[in-house]
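The structure appears right after this line, and notes come after that.
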Amino acid sequence: MPTRRLPALKQRWSQLPIVLIAITGIGLSVLTFFVVERREHRAAEAEFAARARNVALVLQTGMNGYLEKIQAVQALFVTAAHDVTRSQFDNFAQQILAGHPAMLSVSWIPRVTRAERLTHESIAVQDGVAGYRIKTVNKDGSLSIAAENDEYFPVYYTLDKTDAKRVLGLDLRDGGPRQRPLEIARDEDRPVASQSFTLQSGDGDKRGFFLVFPVYRAGIPHDTLEERRRGLIGFVQGVFQADVMMKRIVAGLNTPIDIFLFEANSESPYALRIQSSRAAAPPVWQPGKADPRNGPVWSGALRMADATWRMTATPISTDLKSASAGWSILLAGLLVTGIATLFMHRMSRYTAQLAGAHEVATELSYTDTLTHLANRRAFLDEIARAFETSKADDRPFAVLYIDLDQFKDINDSLGHTVGDRLLEQVAARIKASVRSEDLAARLGGDEFAVLQRNVSDVEAAEALAARILDSLSAPFSIGSNELFVAASIGVWNSSGDKGTPESAMAEADLALYRAKEDGRNCVRLHDSRLADQTRERVRIGEELRGATTRGEFELYYQPQVDILTGRIDGLEALVRWNHPVRGLVPPSSFVPIAERTGAIVPLGGWVFGEACRQLRVWKDLGIAPKSLAINVSALQCRQPTFERDIEASLKTWDLTPDGIEIELTETVLMEATQHQRSVVERLRQLGFKIAIDDFGTGYSSLNYLTTYPVDRLKIAQQLVFQVTNDRRHATVVRAAIHLARDLDIEMIAEGVETLAQATFLSNEGCPKAQGYYYSRPVTAQQATDLLRAGRISAAGRRRGNGSLSVV
């Protein structure tokens, strides 16, 4: 018996390692199966969380974009040099609302006191709002005339996609949910969002909210609560439909995620549910804060002004089970090593995918989507790092601020699609002009910048700027269009300057401003003198605001005479600024600044109206000149109400246009858009005479003389001044006179100061002139005396206009 059991025992003992290996293999297989399932589940949750964060980032960016649109309307009122008209508001608001169905309305809500109410209502009726009264909403939803109050916040201007007539005049100071956001915005000087509410124009399940921005009176501090309440002039309000807004923001995503949004501090029992996938169901408001389902949940916060929206996200597909074949792992116990290797491979792949998704999200947040250059955020971060590096090892660098000249005209005339393609090609040329260690960026619109590292001296920065200008000088081919653009560049260099990123950008912008002032298509370096001059221009620009309404401007008149007889043929109206501190300021000191800041528009309107008034006076006295010349800027021509405004001035003073000559520069005509061309043509059709001012100092091409049938050429003073002592100037003036004669165009010379100059012009066939030789610009009363005399005698010229006090 024992001898028989020994082989059996040996056989059993020999099976023990196999059993142990099998048990070990099965155990390892089971253990590996659970490890794989658990880790893949975690990886899937991590991937979902990354996607949810990316969706939250997209939503926050989109909400910020809508906030900035209302902020842009606020900026319209804050920066306006005069009261914003209803038509200006409508034109601007239409651009804001265009292509954004989530924005239901944009409104201007002025602050109206008890004493101002009747005037306010009367002005609104005169402005075309029939039956306008300040109204309030009754408990039954009907409207009635608002009771007497100390102040009102009525809807005055509005562009509303639902029912604008119903809301015009509606007083938002109702003691309820409309009034509270206004008071907070006023007292704390910040944008405020209302709680969500059911929209009256919706279908019962449409909810939205509104944003308000306070606007304070310009030039008055509003640092304290009392100052803010006293200086408030009104609010800019935007109303949004929440579900449409959120769906539009995530429309371009294809991430299978369920999103639930609700206001954190609201008593509303509703949550907005949207899906960020191409096959998503429409957004819907549903009871409850979220529907987490079975699966991972991600939560975060979104901000809209001062309101906080809680976001809860869950995956649309909740299948987070391990994608590996667990049953094959159990059967293939002896392949544990291979399965473990496969597992590690899959884990590394998931890790790489997550890292790649993070890198893409990071890159998008620092990249301009149109040009693929760095964006403003990335550029400012790099400048900050350059400052830190420079402090450590004194490594210098430079900042180039680039702005395209007349890009707006291309955008307006050829459309935004052509404009975008042009910006892409400009970006490519700028990037090709810089070194690999430098950083090119698009800051927004047609503004670009370059961070030039390791710059040995300022000449290197100037050389780079010159390369960029040279690269942009070649024509751009976009479809069937061949376009030419130029750029102005401001340069700031860190040598000897330990400023801040903000000061570097500001000073580069000051240099860019100077490049624009000096004729564009050039490079200017920042220095302390430039900064002082630019700050002086900024101060003048601020002082220009309201100068028209304060009555600080005055028109002077310079006679235009027949050279042979001295007979006064016409007058040119010239504006002067009677500054309360600076004294009499000549146009050369403030007109360019007025053109840059936009103040030239109200100033030009005042000049035209005042000139018409004075011409009416002279007509009534029977001494009106044959023509009165009035200068008009390009910015005035671009205004949609330009023609209507000048026709209104003529009607006010009972004048016809045949006695008025409108002066335009060569530059204005050469840079005219299609809209401006039609304006010039219609001015001639109305009966105005058109004169080209400063002829000979603008563009070399004379093609515009065939495009615009002008009435008169005015030879520039710079050319006339040298005709007697510079052969080249004399040749140019002689050619201009002959050109005008051959084209049958009237000719007049500006800036004649001596008898020799007048004799030269007369001998060459120029019949008329104006300048100090005949008369300086004089006041309206002095011009009246000259018109009564009818001519300026040689004796009078030698005495300096006789007894007239000249300026």
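None of the figures in this text is laboratory data; all of them are computed from the coordinates on show. Computed from a predicted model, the values in this text were never measured in an experiment. Ideal geometry is used to build each Cβ from the backbone, glycine not excepted, and the neighbour counts take in all protein chains shown.
Quick notes
- Rounded D (µm²/s) - segment 541-794, Kirkwood Rh over Cα pairs, Stokes-Einstein at 25 °C, 0.890 mPa s: 130 µm²/s
- Relative counts (whole %) of C-alpha pair distances in segment 65-247, using bins that are 5 Å wide: 1, 8, 16, 22, 22, 17, 9, 3, 1, 0
- Cα-only Debye scattering, segment 376-526: base-10 log of I(q)/I(0) at q = 0.13, 0.14, 0.18 Å⁻¹: -0.56, -0.64, -1.01
- Between the amide H of Thr308 and those of Ala264, Asn265, distances stay under 5 Å, these residues lying 5 or more places away or on another chain, with hydrogens modeled in the peptide plane.
- Ranked packing of 610-618, 396-404, 166-174, most packed first, by mean Cβ within 10 Å: 396-404, 166-174, 610-618
- For segment 699-796, the pair-distance distribution built from all alpha carbon pairs, in bins 10 Å wide starting at 0, is 14, 43, 30, 13, 0 percent.
- In this structure, the residue pairs whose Cα-Cα separation is over 20 Å, taken from Lys391/Lys431; Lys69/Lys247; Lys69/Lys135; Lys206/Lys247; Lys408/Lys516, are Lys391/Lys431; Lys69/Lys135.
- Counting neighbouring beta carbons within 10 Å and listing from fewest to most, the residues Asp569, Asp394 come out as Asp394, Asp569.
- Trypsin sites (Lys or Arg not before Pro) restricted to segment 415-474 and DSSP loop, no more than 15 other C-beta within 10 Å: Arg435
- Solvent-free Debye calculation, one equal scatterer per alpha-carbon of segment 439-552: log10 I(q)/I(0) at 0.09 Å⁻¹ equals -0.32.
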